[in-house]
1. Residue 47 to residue 353: FRET efficiency via 1/(1 + (r/R0)^6), r the Cβ-Cβ distance, R0 41 Å, to the nearest 0.05?
2. Express in nm, to one decimal, how much length is gained between residue 464 and residue 30 on full extension, taking 0.36 nm for each residue of separation and deducting their alpha carbon distance.
3. Could you give the length gained on full extension between residue 131 and residue 390, defined as 0.36 nm per residue of separation minus the Cα-Cα distance, in nm?
4. Residue 183 to residue 78: FRET efficiency via 1/(1 + (r/R0)^6), r the Cβ-Cβ distance, R0 41 Å, to the nearest 0.05?
5. How much net charge surrounds residue 445 when only other residues with a Cβ under 14 Å from its Cβ are counted (Lys, Arg +1; Asp, Glu -1)?
6. Which order do 38, 185 fall in if you start with the one that has the fewest other Cβ atoms within 10 Å?
7. Can you sort 349, 20 from fewest to most other Cβ atoms within 10 Å of each residue's own Cβ?
8. Could you give me the ³J(HN,Hα) list for region 35-43, computed from phi with Karplus coefficients 6.51, -1.76, 1.60 and θ = phi - 60°, whole Hz, x at Gly and Pro?
Amino acid sequence: MAKHIRVLFIEDVPDDIELTLHELRRAGFDPEWSRVETETRLREALAEGGWDIAIVDYSLPSFSGPEALTVLQAEAPDLPAVVVSGAIGEDVAVEAMRSGAADYILKPNMNALGPVIRRELADVEVRRARRSAVAALAESREQYWDLFHNAGEAFVAAELDGTVLDANPAACRLAGVGPGGLARTNLFELGQIDTPGVPPEGDPIAAAIDALKADKRLLFEAVVERADHSRVPVEVSLQPMMHGGQPAVLAIVRDVSSYKSMQANLLENADRLRTMVDSTVEAMGAVVESRDRYTAGHQRRVTELAVAIATSMGLDQSQIDGVRLAGEIHDVGKIGIPNEILSKPARLTETEFGFVKMHPQTGYDVLKSIPFDHPVADTVLQHHERVDGSGYPNGLTSSNILIEARILAVADVVEAMASHRPWRPALELQTALDEIRGGSGELYDADVVHACLSAFAEQGFAFTP
């Protein structure tokens, strides 16, 4: 019999929800669901309560995945959130996990959704059981003694100033001392706080006391130095309790060595993948330019200007990286154009120009299967589109064209006009800038044109030889 679950989608594309619901049903769930796509609606839905799982699209147009995860962490910390995205790199995945995501799934790998949700629902039950155990500690000394000392995780009871009152065997093992070896030591001196700002810079004891007085849990990372001077990364949860009729603090300390190792491997693999992609892009660019001596260096110079424009516009680093990669291979589709057309020392005929106009589509076909972290293939496909719809190959208009492609379009025109071509000598740079200024808002994105002119006039941009 299918398991009934209540699913909260933070998603703006209904078709993607249908795909996810199909996968949930296939995995043996009977989902009851609701969709939100703004912070206000998310907070309203969380206030209603009763959700079993949140499924988050990492790239909403007006409400980003990290923002949604922040709200979920603050308003419903026990509600597991699974990020589902069509384009998320390893570094973004790590950031999502740091922001509070329980896991992430790429849309091409939706068959993993069922097992992930099943695992998270089981973890929720474990957390509820743990919370019940902590509540029992405060209510009953007899229950406290049994649960505290037999818990598999490290439990430490301390006075509000950090003086250890009691520590279970798991805590002593973690600290590398024998039974009773932590008695009367100071909880806050066992390790070094490893989460900047949490607790706030300054006195961790004061921060813990402030949180406990407000009846709040305090969660942070630290590094415990064991008796043999080895160091263990841990996650510490502090929460208020009563000990002997007096206010005290309960610290639950969890060894996160395995998680840290996995995180490091994830980042290392991400760096390795980026290096491989960069090398592939560089090789593709070299192949294109080796076929056309007249445009040697064109892709490099277009990339330089495109990156300068993107930076001037305040795009985030991920988008700037996408502009750089697409710029370096934006003409890769020219490998399908005959050499006699590429190097013809005269203006092209209409038929010949038709061949040239095929190169964005050819470039897209070459790149579409490469797992870039950015929309590189689509940017290459669109870099000859114009905001009034007069471009090619698909006649897209304004916001239907990726901002990365709108930037490349301007950089491409300026560099091409200012460089030598078989049928004409190089034009003055000012002529190229007058061209984009005259087409601002009609052929070219007005904000991109403004940023391009600013890069030359105010920021001192110049093409390298």
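Coordinate-derived values only; no laboratory data. Bear in mind that the values here come from a model prediction, so they are computed numbers and not experimental data. When we count neighbours, we look across all protein chains shown, and the Cβ atoms used for this are built from the backbone with ideal geometry, even at glycine.
1. Details: r = 60 Å, r/R0 = 1.47.
Taking R0 as 41 Å, the efficiency between residue 47 and residue 353 is 0.10.
2. Working: separation 434, 0.36 × 434 = 156.24 nm, distance 6.06 nm.
Value of the extension gain: 150.2 nm.
3. Details: separation 259, 0.36 × 259 = 93.24 nm, distance 6.25 nm.
Contour length minus the Cα-Cα distance gives 87.0 nm.
4. Once rounded, the FRET efficiency stands at 0.80.
5. Details: positive: 386, 406, 437; negative: 385, 388, 404, 412, 442, 447.
Neighbour charge sum, excluding residue 445 itself: -3.
6. Values: 38 14, 185 17.
Neighbour counts put them in this order, fewest first: 38, 185.
7. On the way: 349 11, 20 23.
Ranking 349, 20 by Cβ neighbours within 10 Å, fewest first, gives 349, 20.
8. 10, 10, 9, 10, 5, 4, 5, 5, 5
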